[in-house]
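Engineer: There's a structure below that I have some questions on.
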Amino acid sequence: MNASMIIYILGHVLRIEGIFMLMPALMGLIYQEKNGWVFLFMAAGLFLLGFLLSFKKPKNTTIYLKEGCVITALSWIMMSFFGCLPFYITKEIPSLLDAFFETVSGFTTTGASILPDPEALCHATQFWRCFTHWVGGMGVLVFLLAIIPMSGGSNINLMRAESPGPSVGKLVPKMRQTAALLYLIYFFLTILEVFFLVLGKMPVFDSVCTSFATAGTGGFGVYRNSFAGQSDYLQWVVTIFMIFFGVNFNFYFLLLYRYFKKAFKMSEVRAYLFIILGTTLLISANSFQLFNDLPDTFRHAAFQVASIITTTGFASNDFNLWPEPSKVLLVVLMFVGACAGSTGGGIKVSRFMILIKSIKKELQSYVHPKSVSKLSMDGSPIEHEVVRSVNVFFITFMILFTASVFFVSFDNKGMITSFTAVAATINNIGPGLELVGPTQNYAGFSPLAKIVLCFDMLAGRLELFPMLMLFNPKLYHTKPFYTHKIK
Amino acid sequence: MFSKLVHPTTKSLKIIIVGNGKVGHTLTEQLSKEGNNITVIEKDASVIADLDAQFDIITIKGNGASYNTLKEAGVEDADLFIAVTGSDELNLLCCTIAKQFSKCAAIARVRTPDYSQEVAYLRDKLGLAMIINPELESAREMARILYLPTALQVNTFAHGQAEMIKFKIPEGNILDDMTIANLGKHVTHNILICGIERAGEVVIPSGAFVLKADDILYFVAKRDEARKFLKNIHIFTKQVKNTMIVGGGLSTYYLANELLHTGIDVHILESSFERCNELSTLLPDAVVINSDVSSQEGLLGAGLKDMEAFVPLTGIDEENILLTLFAKKVSKAKVITKINRINFSDVISDLDLGSVVYPKLITSEAIIAYARALRASRSSEIETLYHIFDSKAEAIEFRITEASPAVGKELKDLQLKKDLLIAFINRKGKIIIPSGSDTIEIGDTVMIVTTHTGFTEIRDILR
C-alpha cells in the first residue's frame, strides 16, 4: 500500500473542498448572512489541513487499483464529514448524524433529505447543499485529475474507481485532458440550464441551485414541495436537462469532435431514450384519469420518468398517490438508472443491456448447446472480463440491497417504505414511496438506519467495490501476501 | 477554451502505434513519457489491459490495417504513425492504408532480409518516412564493437567521422587515479570524456574529477584520435580475427554478413539441419556447424577456446546469458550479449556479460529521434540520438539550420543548463572538440550529452 500517496491525494482533496467552500462564503457576503463566516473559516481550516497533508510529494507516485479504491472511498467519506460541519456549526441541522446524512446525500447526488423545509435554510447553506451535488456529480477526483498534473498512467485507477459504468474509457489519450474535457462539458451544460431557467423567470439564485441539483442528478429542491409549484415551462426545461445529464458524456464528446453519426449510433444512449419514451407513454396512459388533461399528464409522467431514471429525484407531483402500475414502473426505473459515464446513479442502462444479452445467449445455448456466440455492443465484442464484472456487480448489488432492507426494517416503517428507502438511496435517487415519498423526508429513521442508508448512498455512487474494499482485511496487510519470511 | 483542449499544444504529437511487442512497448513508454498523445492499436486483449494500467494513453483493440480501426484511432489528424507488429507485410500494409487518408509521417519495421535489400525502394514508393530493421541495426552495432573489442559500446556520429566509445578502465591502467585535467595535459587533449558511471551513479565530470579503475567511461573523439588514445593508454585496439555466433536466426545472418565483409572469420552454430543448409547458401564464406547449441561439448568441440569473439544469438535471452557466462569462463573471447525481451537491467548490469546490446532500444532511439525532430521548430534538426548509461543520459546530435539564441555566441557566454556537455562541433566534416571560445554556427552539427530528457532543438541547451 502506498500510504504516503494516499495521504498526499487526500490532502489535495481537502484543499479543493476548502476552495469549494469559498463559494458559499461568497454567497454569505452577497446576502449579508453571518453564516458566511462559518464557511470562510471552514474553508481556511480545510485548506490549511490539506496543505499540511499534501506538503511533500511522495517519491513513489504509483498507485494501483487498490490504492485508487481506498483513496476514492476515503476521500468521499472525508469530504462528507468536513462538508457536513457547516450545517452543524450554524445549527441549521442540529444533529451531527443528520448533517452527515444530508451531506452524504448531497455529494452522492442522492437528494434524500432530512429537512422538512429547505426554504428555511439561509442562502449560504442552501448554496452549499446544492453545490455538493454539482461536485459529487462528476466526482472530485476527476476534478483533481483535471487540475493537478500527475505523471504516469496509474492515475486511471483513480478515475476507474470514481466513474460510473462497467468500463472506463478515456476520451483523449491524456488523463488530464480527458478530465478537463468532462468538466468543461459539465460546466457548459450547467450554465445552459441556468440560462433557460432564468429565461423562465426563476430567480437567479434558485436557478443556479436547481441547475446544480440537476447537473449532478442530485435532486435537492430549493422549494418545500420540490418542483410542484413551478410553471409548465420550467418543468419542461428541468425534464430535458435531467435527460441530458443522464446521457453518457462520451456522446457529447463525439458531438464536440463532430462524429455525429457515431454519437447517434451509441446503443446505450438509444436504449436510454427508448426506455424514457416507452415508460412515459405507459405511465401517461395509466395515470390519465388523475389529471384528465393530456399535456398535463404527459408532462408529469415525463418529468417523473426523467427524474427517476436519471436518479435525480425531483418531483412535479406527489407520485406516491399515482396508480399502482405507474408506481411499480417508477420503482423499476430506480434500479435501471442512467447511462454509464453520466452523472446519474443506479445499475446503469449498459449493464442491463449486457445482462439481457447474456440471457439471450443463455436461451440460445439451450437450443444449440454447442453454439458459440460472443456478446457485442456498438459493433465491437464485449470482453468476457466485462461480462463477468457486470454479473458480479449485479449479485453484489442485490446482496447489499437485501442486507440493507433487513437493517432498515428494524424501524418498523412498513415493507414499502423500507424497500423504497434503500432503493432510493443505493441508486442515488432521493424520494421513495409512502413514508419516504416526495412530500416526506428521512428525518424519522433511527440512527442505525441512517448509517446504513449513508453507506448505501456512498456504495451506490462509487459503484459498490471501492466502499466494500474498505472491509477487505487483505487490504490492511502491509506486506504483499507472497513475501514469506525466510528462516 | 474548447479548441485548446480539442487541439492540444503543438509541442505534443499525436502518435499511433500499431502492435505492442518489445519495441512497441519501449516506444510507448518513451514517447508517452515525453508528453505525446499516444493511441495504441493491438490485437491482444491482455496486452491492452496491461497497457491501460501502465500508461496514460488510449488503447484500441483491433487490426491496425483495417480502415475502421484506423479511423477509430483518429489517423486523419495523427502526426506520426508507427507500425511495429510482428509481421513485416502487416506493417507495410498498415502504413500504406494510413497514408491513404492521412498526412502523417509513417514508420514501418521490416526485418526479413528479402525486403531489406529493397528498403530504399519500398520507402520511396510507399511514401514512408522511415523503414527500420532492428536486427540489422543491432547487427551493425555488434559489428562496430567487434572492430574495437576493448570497447563495451561504439556509437557513431557525424556519418561515422566521430565515435562515442564506452569502456571500462582496467586495473592498473595509467588512467587509474588520474584527474581529467591531467589527462588533457599528459595523454591527449583530442578526446572529450562525456560521462562516467561509478557504482550505478552517472556523472558528467569536470576537470577535477579523479578517474578510478572499474569506472565505466564514455568518450567522444574523431575516429582515428579515439584509436590513438586507446593505444596511448595501452588498450588493445585491433579488431577480432574470428567470431563464433550461436544460433542461426535473422540477426545471425545480418551480423555474419557485416563481419564477413570486413574479413572476420565467422563460425555459426545452429541446431537445425535445414537452417544450416539455408545459411550456407546465404553465407558461402561462413563456417556453418550443425550442432546442439546448448551443450558444452558442442561449443568446445566447435573451437570456442580459439575464438576471439563470441556472440550468442539464440533468440532466448536466458540462454544467451548462460552461453555468455560460459564463454567468459572457458575462453578469453570478447563477448556480446543481445537482450531482446527481459527487463531486469539492474541485474544484467551486475553480471559480467561483456557488451550488452538491446535491439528494442536501438529501434526506439531512431524513432524517438524522429519524433522529437517532428516536434521541434525548424531551426535545428536531430541527426542522431543515443540513450547511454541504461537510458540515464542522452547523446544527441543536432543539425543547425537557422539562427537561434544558442547560435553564433562564444560558448563561454552561453547560459547552459546544468548536467550538459557540448561534446563536439562538426563543421564541414571537421570535428572540433570545443573550448570556451568556440561558437556554434549555422550548418554545423553539434553533439550534446545530457542527463535531461526531451531535448528537441538546440535552444533547449540554454537555461
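Engineer: Looking at chain A, which Cys residues are left with no other cysteine's beta carbon under 4.7 Å from theirs?
Structural biologist: That list is A:Cys69, A:Cys84, A:Cys122, A:Cys339, A:Cys454.
Engineer: Can you list the lysines whose alpha carbon sits under 27 Å from that of A:Lys56, skipping same-chain ones fewer than 8 residues off?
Structural biologist: Hits, sequence-local ones excluded: A:Lys66, A:Lys174, A:Lys479, B:Lys33, B:Lys392, B:Lys417, B:Lys418.
Engineer: Work out, step by step, the length gained on full extension between B:Asp224 and B:Lys43: first 0.36 nm times the residue separation, then minus their alpha carbon distance; give nm to one decimal.
Structural biologist: Using 0.36 nm per residue and subtracting the Cα-Cα distance, I get 60.3 nm.
Engineer: Using only protein heavy atoms and a 1.4 angstrom probe, determine the accessible area buried between B and A, summed over both sides, in Å² to the nearest 100.
Structural biologist: Counting protein atoms only, the buried area is about 1700 Å².
Engineer: Which of B:Tyr147, B:Val335, A:Met5 sits closest to the plus end of the dipole of the protein assembly as shown, meaning its Cα is farthest towards the positive end, when Lys and Arg get +1 and Asp and Glu get -1 on the C-beta?
Structural biologist: A:Met5
Engineer: Counting only protein heavy atoms and using a 1.4 Å probe, what share of the accessible area of chain A belongs to carbon plus sulfur, as a whole percent?
Structural biologist: Here it works out to 70 percent.
Engineer: Right, something else. Placing +1 at every Lys and Arg Cβ and -1 at every Asp and Glu Cβ, with all other atoms neutral, what dipole size does segment B:372-461 have around its Cα centre, in debye to the nearest 20?
Structural biologist: That gives a dipole near 60 debye.
Engineer: Tell me, what ³J(HN,Hα) does each residue in segment B:409-414 have, in order and in whole Hz, if you take phi through Karplus 6.51 cos²θ - 1.76 cosθ + 1.60 with θ = phi - 60° and put x for Gly and Pro?
Structural biologist: 10, 5, 4, 5, 8, 7
Engineer: Hey, can you list the residues from segment B:34-63 whose accessible area shrinks by 30 Å² or more with all protein chains present, relative to the chain by itself (probe 1.4 Å, no ligands or nucleic acids)?
Structural biologist: B:Asn37, B:Asp52, B:Ala53, B:Asp56, B:Ile58
Engineer: I would also like to ask the following. When the solvent-accessible surface of protein heavy atoms is calculated with a 1.4 angstrom probe, in what order do B:Asp215, B:Asp77, A:Asp318 fall, highest first?
Structural biologist: Solvent-accessible surface, decreasing: B:Asp77, A:Asp318, B:Asp215.
Engineer: So which GluC sites (Glu not before Pro) in segment B:354-463 end up in coil per DSSP with only 14 or fewer other C-beta atoms within 10 Å?
Structural biologist: B:Glu402, B:Glu441
Engineer: Select from segment B:313-409 those chymotrypsin sites (Phe, Trp or Tyr not before Pro) which occupy a DSSP coil region and have at most 11 other Cβ atoms within 10 Å, ordered by residue number.
Structural biologist: B:Phe344
Engineer: Return the ratio Rg/(2.2 N^0.38 Å) for the protein assembly as shown, where Rg is computed over Cα atoms only.
Structural biologist: Normalised Cα radius of gyration, the protein assembly as shown: 1.14.
Engineer: Ordering A:Lys357, A:Lys262 by accessible area with a probe of 1.4 Å, largest first, what comes out?
Structural biologist: Order by accessible area, largest first: A:Lys262, A:Lys357.
Engineer: Share of segment B:332-463's accessible area from carbon and sulfur, percent, 1.4 Å?
Structural biologist: After summing per-atom areas, the C and S share lands at 49 percent.
Engineer: For the protein assembly as shown, give the share of DSSP beta bridges that are antiparallel, in percent and rounded to the nearest 5; count only bridges with both residues there.
Structural biologist: If we restrict to bridges inside the protein assembly as shown, about 55 percent are antiparallel.
Engineer: Would you work out the relative contact order for segment B:1-135, in percent, from Cα pairs under 8 angstrom that are 6 or more residues apart?
Structural biologist: 21 percent
Engineer: Here's another thing I want to ask about it. Only helical DSSP H runs with n ≥ 4 go in: add -39500 (n - 2.57) per run for the protein assembly as shown, normalise by residue count and round the 222 nm mean residue ellipticity to 500 deg cm²/dmol.
Structural biologist: My calculation for the protein assembly as shown gives -15000 deg cm²/dmol from helical runs alone.
Engineer: If you don't mind, there's one more thing I want to ask. If you place +1 on the Cβ of every Lys and Arg, -1 on the Cβ of every Asp and Glu, and leave all else neutral, what size is the dipole of the protein assembly as shown about its Cα centre, to the nearest 20 Debye?
Structural biologist: 520 debye
Engineer: Based on DSSP H assignment, which helices of chain B show an axial Cα extent of at least 15 Å together with a mean Kyte-Doolittle hydropathy greater than or equal to -1.0?
Structural biologist: Those that clear 15 Å and a mean of -1.0 are B:22-33, B:88-100, B:134-147, B:250-261, B:317-330, B:359-375.
Engineer: Of the beta bridges DSSP finds with both residues in chain B, what % are antiparallel, to the nearest 5?
Structural biologist: Taking every DSSP beta bridge with both residues in chain B, the antiparallel ones total about 55 percent.
Engineer: Enumerate the amide H contacts of B:Leu269 below 5 Å, restricted to partners 5 or more residues apart or on another chain; note that Pro and chain-start residues carry no placed amide H.
Structural biologist: B:Ile245, B:Val246, B:Gly247, B:Ile289
Engineer: To continue, here is another question. Could you work out what % of the accessible surface of segment B:2-132 is carbon and sulfur, using a 1.4 angstrom probe and leaving DNA, RNA and ligands out of the count?
Structural biologist: The nonpolar share, carbon plus sulfur, comes to 51 percent.
Engineer: Compare the Cα positions of B:Ala105, B:Leu70, B:His25 along the charge dipole of segment B:2-132 (+1 at Cβ of Lys, Arg; -1 at Cβ of Asp, Glu; about the Cα centre) and return the one farthest towards the positive end.
Structural biologist: B:Ala105
Engineer: Now a separate question. Which value, in Å³ per residue, describes the convex hull spanned by the Cα atoms of chain A?
Structural biologist: It is 173 Å³ per residue.
Engineer: Give the percent of DSSP beta bridges with both residues in segment B:2-132 that are antiparallel, rounded to the nearest 5.
Structural biologist: In segment B:2-132, DSSP labels about 0 percent of beta bridges as antiparallel.
Engineer: Under a 1.4 Å probe, what is the accessible area of the protein assembly as shown per residue, stated in Å²?
Structural biologist: Roughly 43 Å² per residue, with all protein chains present.
Engineer: Sticking with this one: For the cross-link pairs B:Lys168/B:Lys228; A:Lys357/A:Lys474; B:Lys222/B:Lys428; B:Lys166/B:Lys332; B:Lys222/B:Lys328, which exceed 23 Å when the distance is taken from alpha carbon to alpha carbon?
Structural biologist: Result: A:Lys357/A:Lys474; B:Lys222/B:Lys328 exceed 23 Å.
Engineer: Can you find, among A:Val305, B:Thr453, A:Gly344, the residue sitting farthest towards the positive end of the charge dipole of the protein assembly as shown, where Lys and Arg contribute +1 and Asp and Glu -1 at Cβ?
Structural biologist: Most positive-ward Cα: B:Thr453.
Engineer: Sticking with this structure for a sec: Keeping all protein chains in position, work out how much accessible area A:Leu290 exposes to a 1.4 Å probe, and write it in Å² to the nearest 10.
Structural biologist: Result for A:Leu290: roughly 80 Å² accessible.
Engineer: ³J(HN,Hα) across segment A:131-145 via Karplus (A = 6.51, B = -1.76, C = 1.60, θ = phi - 60°), whole Hz, x for Gly/Pro?
Structural biologist: Taking θ as phi minus 60°, the curve returns 5, 4, 4, 5, 5, x, x, 8, x, 7, 6, 4, 4, 4, 4 Hz for segment A:131-145.
Engineer: Now, a different point. Could you derive backbone 3J(HN,Hα) for segment A:50-63 from the dihedral phi with the Karplus parameters 6.51, -1.76 and 1.60 (θ = phi - 60°), listing whole Hz in sequence and x where the residue is Gly or Pro?
Structural biologist: Here the 3J(HN,Hα) series is x, 4, 5, 5, 9, 5, 10, 6, x, 5, 8, 9, 6, 10 Hz.
Engineer: OK, next. Please list the equivalent ellipsoid semi-axes of segment B:2-132, computed as the square roots of five times the alpha-carbon gyration tensor eigenvalues, in descending order and whole angstrom.
Structural biologist: 23, 17, 13
Engineer: Is there a quick way to get the dipole size of segment B:242-357? I mean about its Cα centre, with the Cβ of Lys and Arg at +1 and of Asp and Glu at -1; what is the value in debye to the nearest 20?
Structural biologist: Charge dipole of segment B:242-357: 200 debye, to the nearest 20.
Engineer: Okay, next question. Enumerate the amide H contacts of A:Gly432 below 5 Å, restricted to partners 5 or more residues apart or on another chain; note that Pro and chain-start residues carry no placed amide H.
Structural biologist: A:Gly437
The values are calculated or read from the model by the stated rules, or taken from the named source; none is laboratory data. Everything numeric in this text was worked out from a predicted model, so none of it was measured. No Cβ is skipped: glycine too gets one built from the backbone with ideal geometry, and neighbour counts run over all protein chains shown. Just the protein is used for accessible areas: all its heavy atoms, side chains included, with ligands, DNA and RNA removed. Shrake-Rupley method; radii C 1.70, N 1.55, O 1.52, S 1.80 Å.
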